[in-house]
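**Student:** Dropping a structure here in structure tokens format, bear with me for questions.
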Amino acid sequence: MRKFFEILPHKADLKIKVFGASKKELFLNAMKAMFEAAGIKPEGKVVKRKIKIQSPDILQLLVDFLSEILYLSETENEAYFNIKFKKFSDNTLEGELFGKKIKEQGLIIKGVTYHNLEIRKKKEGYLATILFDV
Amino acid sequence: MISKKDFIKINDYLWEIPKSFRSDMRVPARIYASEKLLEECFRDESIKQLINVATLPGIVKYSIAMPDIHEGYGFPIGGVAATKYPDGAISPGGVGFDINCGVRLLISNLNNQEIASQLDKLAEEIQKEVPSGLGKGREVKLSTEQINRILEGGAKYLVEKGYGEKEDAENCESYGKLEWAEANYVSEKAKNRGRNQVGTLGSGNHFLEIQKVDQIYNEEIAKEFGLFPNQVVIMIHTGSRGLGHQIATDYLREMVFVMQKYGIRLPDKELACVPFNTKEGERYFNAMCCGANFAWANRQMITFYVRKAWERIIGKEKLTLLYDVAHNIAKIEEHEINGQKMKLIVHRKGATRAFPPEHPELPDRYRKTGQPVIIPGSMGTASYVLVGEEKSKEAWYTVCHGAGRTMSRAKAIKTISGRNVVETLRQKGIIVKCYSFKGVAEEAPQAYKNVDEVVDTVHKAGLSQRVARLVPLAVIKGE
């Protein structure tokens, strides 16, 4: 199976390239990549959380979505591995997150940056490059 | 590709890219580096980022990089920019997500032989007392009201509440409290993140180290600072945790949008800024000051727990705070330009303030000597105590902040074995208390520039003078 994300070289921070067959999958994979790269090991029962975001454009929607996930993850001590979208457009996102409590975490992601942030349409789907401050 | 030929050599430790290099530069870009360290910069994007900083509206004289410069996002790490007050740019990217990430040094009256038999126990006890805060924070959750007090009162507030000695606040940069802080401008989300994080270390390059004074370079100043050979000292390196990260997230988002309103165009969105004297600019600054105060309070609370552990294992001997410095911050400071005193908004992103002797903002204790500057090394290597010098006036009284990365975290994990690093340090007699070998690999000494070379450069460039070299006895990375 093709890996859904790659870690790109960057001296200090975490730069990733994420793939998705659709924009929805791209967002889901970006979230999963963030937790995988942070070395998170989940445990226990599945928990659900509602999420609703509105942003001016798709790039900001991605930043806002991942920032909200970081906020929820830190305050609830949870990592999320799936999302069921109720609504999804270039500037709105609504759905239900599925996650578990965090048992172990290697790294704290401090924030989602705008540095060279991009989403590109490719033949086989979408590709995003994101740099996180760690 | 930028190369050495694009620079004008000002002297052996200072290089400049002229304003004419790129049409959008408002001022030249300067880097303090030896020839060797300069050449290392060409391997990443850091010089390009330094040139981008030179495009900030209202930037004065030049953008500056310290010898520990490395690639960041927006600003390079080790980047400094001063803009004209009150209408120059204020940029959250010039501070970063970890507002007031910084370092403090606690000094004891004991030498390493006197604690040798207790060292392992002490390291273990400190690790128990100071959690990393990964996954969960401290047991006690503070109320929003308590958080507000901390945001506006900083380390000073905690000292008043009994979490420290009276001198602790005095021995912090800005006395551990920025007056511009207004808790109203910090979101509920940010406050919520901070509720159980006062007194937690964080991850990445944040650490606690038990060290000893390995070498004294300036006996007179070392004596004034209370430093002596083989003395046991404790270094704390951390910042404003999730609360600061949320403030940065909130305001960066706002600035990315509103900067268009002010007609600002920049080569990197991450440099997003607005004029300081706008409602968005002032609100960010008020909130950033809260983040900075939270970080000082965090290091103060960690100090409280370190002292508890110290008392339990070592006894009543005191741990005094030498000084506490911020290395991710924006400050309003007065500087002299062409003989005129001017207020400037100084952004230091991975750079340390270093005031010289007689500077009016220093406490009496350091008025004669100049400000103590604490430079942490990478894990297992040396750290330094320096003192501010008048010559650094040209760099807005600023020096480096550490060694500076030279290898990415991903490459470090791939090529370095954390287990081997711990074993090598153990063979050198250094104890490592860490729960993840992966974390050790990421922060291995090989992933960083040589701190001795970096400090040698700032010393020879005259930005600060070496006072003492510290070496680790035990590295603690939080539970």
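**Student:** Considering only residues that are in contact with a strand residue (DSSP E or B) (Cβ under 8 Å, 6 or more places away or on another chain), hydroxyl-bearing (S, T, Y) and surrounded by fewer than 24 Cβ atoms within 10 Å (Cβ to Cβ), which ones fall in the stretch B:91-131?
**Tutor:** Once the filter is applied, which keeps residues that are in contact with a strand residue (DSSP E or B) (Cβ under 8 Å, 6 or more places away or on another chain), hydroxyl-bearing (S, T, Y) and surrounded by fewer than 24 Cβ atoms within 10 Å (Cβ to Cβ), the stretch B:91-131 yields only B:S108.
**Student:** Does the stretch A:76-89 contain any residue that is within 30 Å of B:G439 (Cβ to Cβ), within 12 Å of the chain's Cα centre (by Cα), in a strand (DSSP E or B) and among the polar types (S, T, N, Q)?
**Tutor:** yes
**Student:** Same structure again: Give the number of residues within the stretch B:429-466 that are over 30 Å from B:S392 (Cα atoms), more than 14 Å from chain A (Cβ to nearest Cβ) and not small (G, A, S).
**Tutor:** Number satisfying all stated conditions: 4.
**Student:** How many of the residues making up the stretch B:3-26 are more than 21 Å from B:V454 (Cβ to Cβ) and surrounded by 20 or more Cβ atoms within 10 Å (Cβ to Cβ)? Don't jump to the end; show me each part of the working.
**Tutor:** Looking only at the stretch B:3-26, we keep the residues that are more than 21 Å from B:V454 (Cβ to Cβ), and these are B:3, B:5-6, B:8, B:18-26.
Checking the rest, the ones that are also surrounded by 20 or more Cβ atoms within 10 Å (Cβ to Cβ) come to B:25.
Residues in the stretch B:3-26 being more than 21 Å from B:V454 (Cβ to Cβ) and surrounded by 20 or more Cβ atoms within 10 Å (Cβ to Cβ): 1 in total.
Conditions tested, residue by residue: (1) within 14 Å of chain A (Cβ to nearest Cβ); (2) under 27 Å from B:E333 (Cα atoms); (3) touching a residue at least 24 places away in the same chain (Cβ under 8 Å).
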| residue | (1), (2), (3) |
| --- | --- |
| B:G93 | yes, yes, yes |
| B:I115 | no, no, yes |
| B:Q118 | no, no, yes |
| B:E129 | no, no, yes |
| B:G153 | no, yes, yes |
| B:K161 | no, no, no |
| B:S174 | no, yes, yes |
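**Student:** How about the stretch B:393-428: which of its residues are of a type outside the set (S, T, Y), assigned to a strand (DSSP E or B) and more than 14 Å from chain A (Cβ to nearest Cβ)?
**Tutor:** Our first condition is that a residue be of a type outside the set (S, T, Y); within the stretch B:393-428, this holds for B:393-396, B:399-405, B:407, B:409-414, B:416, B:418-423, B:425-428.
Within this subset, residues satisfying the condition of being assigned to a strand (DSSP E or B) are B:399, B:405.
B:V399, the sole residue that qualifies.
**Student:** Suppose we filter A:D90, A:D64 for residues that are within 12 Å of chain B (Cβ to nearest Cβ) and among the charged types (D, E, K, R); which single one remains? Even if it seems obvious, please write down each step before you answer.
**Tutor:** Values: A:D90 fails: within 12 Å of chain B (Cβ to nearest Cβ).
Exactly one residue qualifies, and that residue is A:D64.
**Student:** Considering the stretch B:318-360 alone, what residues qualify as being over 30 Å from B:K308 (Cα atoms), out of contact with any Lys or Arg (no Cβ under 9 Å at 6 or more places or on another chain) and in a strand (DSSP E or B)?
**Tutor:** Residues satisfying the conditions are B:Q340, B:K341, B:K349.
**Student:** Scan the stretch B:218-232 and tell me whether some residue there is among the aliphatic types (A, V, I, L, M), more than 14 Å from chain A (Cβ to nearest Cβ) and crowded, with 24+ Cβ neighbours inside 10 Å.
**Tutor:** Yes, the conditions are met somewhere in the stretch B:218-232.
**Student:** Is it true that some residue in the stretch B:263-280 is more than 14 Å from every other protein chain (Cβ to nearest Cβ), without any contact (Cβ under 8 Å) to a residue 60 or more places away in the chain, in contact with a strand residue (DSSP E or B) (Cβ under 6 Å, 6 or more places away or on another chain) and in a helix (DSSP H, G or I)?
**Tutor:** Scanning the stretch B:263-280, I find at least one residue that is more than 14 Å from every other protein chain (Cβ to nearest Cβ), without any contact (Cβ under 8 Å) to a residue 60 or more places away in the chain, in contact with a strand residue (DSSP E or B) (Cβ under 6 Å, 6 or more places away or on another chain) and in a helix (DSSP H, G or I), so the answer is yes.
**Student:** Could you list, in sequence order, all residues of the stretch B:176-200 that are outside any helix (DSSP H, G or I), more than 11 Å from chain A (Cβ to nearest Cβ) and under 21 Å from the mean Cα position of the chain (by Cα)?
**Tutor:** Within the stretch B:176-200, the first condition is being outside any helix (DSSP H, G or I), and the residues that meet it are B:177-182, B:186-187, B:195-200.
Then drop every residue that is not more than 11 Å from chain A (Cβ to nearest Cβ), which leaves B:177-182, B:186, B:198-199.
Result: B:K177, B:L178, B:E179, B:W180, B:A181, B:V198, B:G199.
**Student:** Taking into account only those residues within the stretch B:452-479 that are assigned to a helix (DSSP H, G or I) and out of contact with any helix residue (DSSP H, G or I) (no Cβ under 9 Å at 6 or more places or on another chain), which is farthest from B:N230 (Cα to Cα)? I'd like the intermediate steps shown before the answer.
**Tutor:** Within the stretch B:452-479, the subset assigned to a helix (DSSP H, G or I) is B:452-460.
Checking which are out of contact with any helix residue (DSSP H, G or I) (no Cβ under 9 Å at 6 or more places or on another chain) leaves us with B:452, B:455-456, B:459-460.
Working: B:D452: 19, B:V455: 20, B:D456: 22, B:H459: 23, B:K460: 25 Å.
Per the criteria, the residue is B:K460.
**Student:** Any chance you could count how many residues in the stretch B:234-269 are over 30 Å from B:G199 (Cα atoms) and out of contact with any helix residue (DSSP H, G or I) (no Cβ under 8 Å at 6 or more places or on another chain)?
**Tutor:** Kept after step one, since they are over 30 Å from B:G199 (Cα atoms), are these residues of the stretch B:234-269: B:255-269.
Filter once more, so that each one left must be out of contact with any helix residue (DSSP H, G or I) (no Cβ under 8 Å at 6 or more places or on another chain): B:257, B:259-265.
Counting residues in the stretch B:234-269 that are over 30 Å from B:G199 (Cα atoms) and out of contact with any helix residue (DSSP H, G or I) (no Cβ under 8 Å at 6 or more places or on another chain) gives 8.
**Student:** Still on this structure, I have one more. Return yes or no: is B:E139 closer than 27 Å to B:V432 by Cα and within 14 Å of chain A (Cβ to nearest Cβ)? First the steps, then the outcome.
**Tutor:** Working: closer than 27 Å to B:V432 by Cα: yes; within 14 Å of chain A (Cβ to nearest Cβ): yes.
For B:E139, the condition - closer than 27 Å to B:V432 by Cα and within 14 Å of chain A (Cβ to nearest Cβ) - is met.
**Student:** Please specify each residue of the stretch A:90-103 satisfying the condition of being more than 23 Å from B:A190 (Cα to Cα) and either in a loop (DSSP other than H, G, I, E, B) or at pLDDT below 95 (or both).
**Tutor:** Once the filter is applied, which keeps residues that are more than 23 Å from B:A190 (Cα to Cα) and either in a loop (DSSP other than H, G, I, E, B) or at pLDDT below 95 (or both), the stretch A:90-103 yields A:D90, A:N91, A:K103.
**Student:** Now a separate question. Pairs needed: first member in the stretch B:323-349, under 26 Å from B:R241 (Cβ atoms) and in contact (Cβ under 8 Å) with a residue 12 or more places away in the chain; second member anywhere, acidic (D, E) and part of a strand (DSSP E or B); C-beta distance under 8 Å; at least 6 residues apart or different chains.
**Tutor:** B:V346/B:E333
**Student:** When the residues of the stretch A:93-115 are narrowed to those that are within 8 Å of another protein chain (Cβ to nearest Cβ) and more than 30 Å from B:C434 (Cα to Cα), which ends up surrounded by the most Cβ atoms within 10 Å (Cβ to Cβ)?
**Tutor:** Taking the stretch A:93-115 and keeping what is within 8 Å of another protein chain (Cβ to nearest Cβ), we get A:102-108, A:110-115.
Remaining after also requiring more than 30 Å from B:C434 (Cα to Cα): A:114-115.
Details: A:Y114: 22, A:H115: 24.
Going through the qualifying residues, I end up with A:H115.
**Student:** When the stretch B:42-86 is examined, which residues are found to be of a type in the set (S, T, N, Q), over 15 Å from B:P18 (Cα atoms) and away from chain A (no Cβ under 12 Å)?
**Tutor:** B:T83 - this is the single residue of the stretch B:42-86 that is of a type in the set (S, T, N, Q), over 15 Å from B:P18 (Cα atoms) and away from chain A (no Cβ under 12 Å).
**Student:** Farther than 30 Å from B:I69 by Cα and of a type in the set (A, V, I, L, M, F, W, C): is that true of A:L28 in this structure?
**Tutor:** Values: farther than 30 Å from B:I69 by Cα: yes; of a type in the set (A, V, I, L, M, F, W, C): yes.
Yes: the conditions hold for A:L28.
**Student:** Please state which one of B:V451, B:V385 is surrounded by 24 or more Cβ atoms within 10 Å (Cβ to Cβ) and among the β-branched types (V, I, T). Break it down stepwise before answering.
**Tutor:** On the way: B:V451 fails: surrounded by 24 or more Cβ atoms within 10 Å (Cβ to Cβ).
Just one listed residue meets the conditions, B:V385.
**Student:** So which of A:I109, A:I58, A:I102 ends up being of a type in the set (V, I, T) and within 17 Å of B:Q246 (Cα to Cα)? Spell out how you get there, then give the answer.
**Tutor:** Numbers: A:I58 fails: within 17 Å of B:Q246 (Cα to Cα); A:I102 fails: within 17 Å of B:Q246 (Cα to Cα).
After applying the criteria, what remains is A:I109.
**Student:** Based on this model, can you work out whether B:V422 counts as more than 27 Å from B:E16 (Cα to Cα) and either in contact with a strand residue (DSSP E or B) (Cβ under 6 Å, 6 or more places away or on another chain) or crowded, with 19+ Cβ neighbours inside 10 Å (or both)?
**Tutor:** Details: more than 27 Å from B:E16 (Cα to Cα): yes; either in contact with a strand residue (DSSP E or B) (Cβ under 6 Å, 6 or more places away or on another chain) or crowded, with 19+ Cβ neighbours inside 10 Å (or both): yes.
So B:V422 passes the test.
The values are calculated or read from the model by the stated rules, or taken from the named source; none is laboratory data. Every value quoted in this text rests on a predicted model; they were computed, and no experiment measured them. Cβ coordinates were reconstructed from backbone atoms using ideal geometry, including for glycine residues, and neighbour counts include every protein chain displayed.
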